[in-house]
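Asker: Below you'll find the structure I mean.
Taken together, the values in this text are just the output of simple stated rules run on the coordinates, not laboratory data. Since this is a predicted model, take the numbers as computed values, not measurements. With ideal geometry, Cβ positions are generated from the backbone for all residues, glycine too; neighbour counts draw on all protein chains shown.
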Amino acid sequence: MKNIIDRIIFVSGWVSIAIIVAITFFLFYNWIPLFKTASPIEFFFGTLWYPTAIPPFYGILPLLDATVWISFLTILITFPSAFVLAIFITHVAPKRLRYFLKIFLEIFSSVPSVILGLIGLSIVAPYFQSVLNMDTGQNILNAALMLSLITIPMPTSMMEDFISAFSPEQKEGAQALGANEFETLTKVIIPGLKGPFASIAMLSLGRIFGETMIVLMVAGNAAIFPTNIFQPARVLSSTIAAEMGETPVDTPHFYALFGIGAVLFVMTFLINIIGEVIRIRYERQMMKG
Amino acid sequence: MDVDLKIENLSVYFGQKQILDSISFEIPARSITAIIGPSGCGKSTFVRTINRMNDRFDDFSHKGSIIFDGKDVLSNDYPVEELRKKIGMVFQKPNPFPKSIYENVVFGLKIHGVKDRKILDETVKSSLESASLYDQVKDRLSMNAYKLSGGQQQRLCIARALAIKPEILLLDEPTSAIDPLATKQIEEVLEQISKEITILIVTHNIQQAARIADYIAFFYMGKLVEFSKAEKILNAPNEKLTDDYLTGMYG
């Protein structure tokens, strides 16, 4: 029996690795033929994304630029909000409320992103346009706000876990020296959790990068270089979703979309690896004692 | 005999469960009092009640009082941060912060608002010297405390507690997680500092109590069976229960 279980685990482990390798191969395999039409330099550094124009332009730089804008604005909103929320749950909220907040967060994180896209489109965008007098309500800020709403629960829940599980010995050590609850939090717990928090930030960023639906719906989808957060933009992931359906197979446009997929894949992969490295480093540092 | 702490009829409960039952005795100043007794007799709970470490448990409650400087430390009027400034504590497992040696020692001072660099530097030196750790770490005060050995970490924790100049130091089985040689060093440190500070140490090790204690309190099932000078308890205890414990009948 144990033998069979061992074998199942062994096989499923290798299968999942094989699938990742296959995905990578598939992405790159469908990307490479693009270079017959457009050079890697045109692809990575081209400033125009007009794949259906004549002649077509396959430069992903504006998409990359918009991805960076939206992702960073989102993480700028998400991380501090998650941090404050996590501290609220662990240190401010009454014990009974804590439990419900935690459950609420977990439920909220499983709301399909298309619903937030809908809210961004039908409530936030008109509000931006009519009340705040923006040129368009479908812009970077709207996308970042909606993206933050869908992202916040995950880092909040993780931070909450880390803060609650923080070494009781160290907490008592600080309190025995006369530190109150707040000083224990700011001088021992938070400094002690720098590593995990950095790693949580990276994981959130990875999730934001890959999020497609919201940005597709509310960012306005203009493949231009934004100069401020009130302008529309188009990111890598939503470009694939928006265009793949109308793109004939085995055309340069088709290959270029796979190229975008490969770029996204590599970027998310790198971000996750950086997050993991930070986490492992931190753990090793803590183990030294 | 100076009295530093006066325990009056102290009973402690966690929920419905009674952990300590009407403990009364007086802890003499500037000496080492050891609390001995079998596991589960309430000795740890007792010391943790003195500096109110148990306050954070919702189901903790108590009766009776602990008088220190003429005031009941268990009353809600007594500010707990002030209390812990005067009554320090060292725990069973060394628990330095993942900061430098220097930052560990000055932690309490900074909490209490000391910012003067000169005072901090001097306190680091004197506290580490009292914990006989200074010579080993004087060249690497900025090193992470986690890189110290277990025994050194525990002495750092003693230095950290001494840095805020407590009048009483509570130690909850401070040597149970470290090796015999490091234990010996810590015992020497305690004997040294007991000239100025009142020490209350919980130990499950009767030999340790015999080596360092001036007074011994024997706890059994939440009750104080006997409190007296160490020689008296060890050589001619009044109670048969104490004698049985010391001769290894149980425990």
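Asker: Say we join alpha carbon atoms closer than 10 Å with springs in a Gaussian network model of chain A; which of A:G195, A:G245, A:G46 then has the biggest fluctuation?
Answerer: A:G245
Asker: I'd like the chymotrypsin sites (Phe, Trp or Tyr not before Pro) in region B:1-83 restricted to DSSP loop residues with at most 13 other Cβ atoms within 10 Å, sorted by number.
Answerer: Details: sites: B:Y13, B:F14, B:F25, B:F46, B:F57, B:F60, B:F68; in loops: B:F57.
Filter output for region B:1-83: B:F57.
Asker: Considering chain A as a Gaussian network with a 10 Å cut-off on Cα pairs, which listed residue, A:A93, A:A143, A:A256, attains the greatest mean-square fluctuation?
Answerer: A:A93
Asker: For the protein assembly as shown, what proportion of DSSP beta bridges, expressed in % and rounded to the nearest 5, is antiparallel? Don't skip to the end; give the middle numbers.
Answerer: Working: 27 of 45 bridges.
Bridges in the protein assembly as shown are about 60 percent antiparallel.
Asker: Ignore the peptide's own chain and count Cβ atoms of other chains within 10 Å of each Cβ in B:107-120; give me the average, rounded.
Answerer: Mean inter-chain Cβ contacts per residue within 10 Å come to 2.
Asker: So which lysines can B:K99 reach, going by Cα to Cα under 19 Å and dropping same-chain residues fewer than 8 places off?
Answerer: Output for B:K99: A:K171, A:K187, A:K194, A:K288, B:K110, B:K115, B:K125, B:K138, B:K147.
Asker: A follow-up question, please. Compute a Gaussian network model of chain B, connecting alpha carbons closer than 10 Å, and tell me which residue from B:Q185, B:Q152, B:Q16 fluctuates the most.
Answerer: Top of the fluctuation ranking is B:Q16.
Asker: What size of dipole, in debye to the nearest 20, comes out for region A:2-287 about its Cα centre when the only charges are +1 on Lys and Arg C-beta atoms and -1 on Asp and Glu C-beta atoms?
Answerer: Details: 15 positive and 17 negative charges, 117 e Å.
Dipole size: approximately 560 debye.
Asker: Right, next: If each of B:T247 and A:I280 carries a label point 7 Å out from its Cα toward its Cβ, how far apart are those two points in nm?
Answerer: For the pair B:T247/A:I280, the computed spacing is 6.1 nm.
Asker: Given R₀ = 51 Å, what would the calculated FRET efficiency be for B:K138 paired with A:S122, taking r from the Cβ atoms and rounding to 0.05?
Answerer: On the way: r = 68 Å, r/R0 = 1.33.
According to the calculation, E is roughly 0.15.
Asker: Got the relative contact order for region A:2-287 handy, in percent, Cα pairs under 8 Å and 6 or more residues apart? Could the numbers behind the result be given before it?
Answerer: Values: 359 pairs, mean separation 74.5, N = 286.
That works out to 26 percent.
Asker: Set Lys and Arg Cβ to +1 and Asp and Glu Cβ to -1, take the dipole of region B:149-209 about its Cα centre, and tell me which of B:I201, B:L171, B:Q152 lies farthest positive.
Answerer: B:Q152
Asker: Still on this structure: Below 8 Å, C-alpha to C-alpha, sequence gap of six or more: please give me the relative contact order for region A:196-280 in percent. Mind showing how you got there, number by number?
Answerer: On the way: 80 pairs, mean separation 35.5, N = 85.
This gives 42 percent for region A:196-280.
Asker: Please give the contour-minus-distance gain from B:D59 to B:Y78: 0.36 nm per residue of separation, less the Cα-Cα distance, rounded to one decimal in nm. Walk me through the intermediate numbers first.
Answerer: Working: separation 19, 0.36 × 19 = 6.84 nm, distance 2.00 nm.
Full-extension gain reported as 4.8 nm.
Asker: Further question on the same structure: Can you give the relative contact order of chain B as a percent, counting alpha carbon pairs under 8 Å and 6+ residues apart? Numbers along the way, then the final one.
Answerer: Working: 475 pairs, mean separation 69.7, N = 251.
Relative contact order comes out at 28 percent.
Asker: Among DSSP beta bridges lying fully in region B:59-211, give the percent that are antiparallel, nearest 5.
Answerer: Approximately 25 percent, going by the DSSP bridge assignments.
Asker: Between A:I23 and A:S109, what is the FRET efficiency for a Förster distance of 30 Å, r being their Cβ-Cβ separation, to the nearest 0.05?
Answerer: Details: r = 25 Å, r/R0 = 0.82.
Rounded to the nearest 0.05, the efficiency is 0.75.
Asker: For the pair B:E122 and B:K6, what calculated FRET efficiency results from E = 1/(1 + (r/R0)^6), where r is the Cβ-Cβ distance and R0 = 35 Å, to the nearest 0.05? Each step should come with its number before you reach the end.
Answerer: Working: r = 34 Å, r/R0 = 0.96.
FRET efficiency, B:K6 to B:E122: 0.55.
Asker: Leaving out same-chain residues fewer than 8 places away, which lysines sit with a Cα under 22 Å from that of B:K240?
Answerer: The reachable lysines, counting only those whose Cα sits under 22 Å from B:K240, are B:K43, B:K223, B:K229, B:K232.
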